[in-house]
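Engineer: Sharing a structure below in structure tokens format, with a few things to ask.
The values are calculated or read from the model by the stated rules, or taken from the named source; none is laboratory data. Quick caveat: nothing in here was measured; it's all calculated off a predicted structure. No Cβ is skipped: glycine too gets one built from the backbone with ideal geometry, and neighbour counts run over all protein chains shown.
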Amino acid sequence: MQTITAVNLLEPSEFMRLFCNVVEHAPSIASVVARRRPLRDVQHLLAELYSVVDGLSDSDKVDILRRHPDLAGSMAEQGLLTAESTMEQRSAGLDQLTEQQKYDMKRMNSAYKDKFGFPFVICARENKATAILEGLTRRLINTPDKELATGIEEVKKIARLRVLDLVA
């Protein structure tokens, strides 16, 4: 775990190594935040991160959402998730779904992607499997604009917890 002082002193390449996956598979977000140093504290770091994400165009926000894996999907089954995603999905119990829950999750993930064009994103660390399945059902009725906004807010929740894992 780093202090904010240590984060401010990191070489750009070291900052990137540490923060490159705070937003799933989006090192460009970390690169912009790195250029906004010095950061006063963790809250300032998070504010800068949120500012970068919020400032993206809608098409770039969709791209950010598309970088996320399906929850309890084939990448998880094959062990291909990032270390962060693996831990997050485990914390929600997604590695212990019943066969019926796996079937429901895959079916609803597919319906969600068909409707919105990106995977269902929810902060798994703040939810358990049942709540995630309920969230999928509830959010499937959203409009594309509403779901883009909701998905990005979930990305920010995920990023916040990832930052708090890295910075004291």
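Engineer: Go through the residues of region 118-136 one by one and say whether even a single one is among the β-branched types (Val, Ile, Thr), crowded, with 20+ Cβ neighbours inside 10 Å and not in a helix (DSSP H, G or I).
Structural biologist: yes
Engineer: Which one is nearest to the chain's Cα centre (by Cα) among residues in region 22-49 that are farther than 15 Å from PRO12 by Cα and among the charged types (D, E, K, R)?
Structural biologist: GLU24
Engineer: Can I ask one more? For ARG66, only one of the following conditions fails: (1) under 17 Å from MET1 (Cα atoms); (2) surrounded by 14 or more Cβ atoms within 10 Å (Cβ to Cβ); (3) modelled with pLDDT of 95 or more. What is its number?
Structural biologist: Failed condition: (1).
Engineer: Would you mention how many residues in region 7-55 are touching a residue at least 60 places away in the same chain (Cβ under 8 Å) and surrounded by fewer than 14 Cβ atoms within 10 Å (Cβ to Cβ)?
Structural biologist: Summing the residues that are touching a residue at least 60 places away in the same chain (Cβ under 8 Å) and surrounded by fewer than 14 Cβ atoms within 10 Å (Cβ to Cβ) in region 7-55 gives 1.
This table checks each residue for (1) on the phi < 0 side of the Ramachandran plot; (2) of a type in the set (A, V, I, L, M).
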site	(1), (2)
GLU77	yes, no
THR82	yes, no
GLY93	no, no
LYS102	yes, no
ASP114	yes, no
VAL121	yes, yes
ALA124	yes, yes
LYS128	yes, no
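Engineer: Could you pull out the residue among GLU14, GLU24 that is more than 14 Å from ARG162 (Cα to Cα), of a type outside the set (Gly, Ala, Ser) and not assigned by the TED database to the domain that holds ARG107?
Structural biologist: Going through GLU14, GLU24 in turn, just one is more than 14 Å from ARG162 (Cα to Cα), of a type outside the set (Gly, Ala, Ser) and not assigned by the TED database to the domain that holds ARG107: GLU14.
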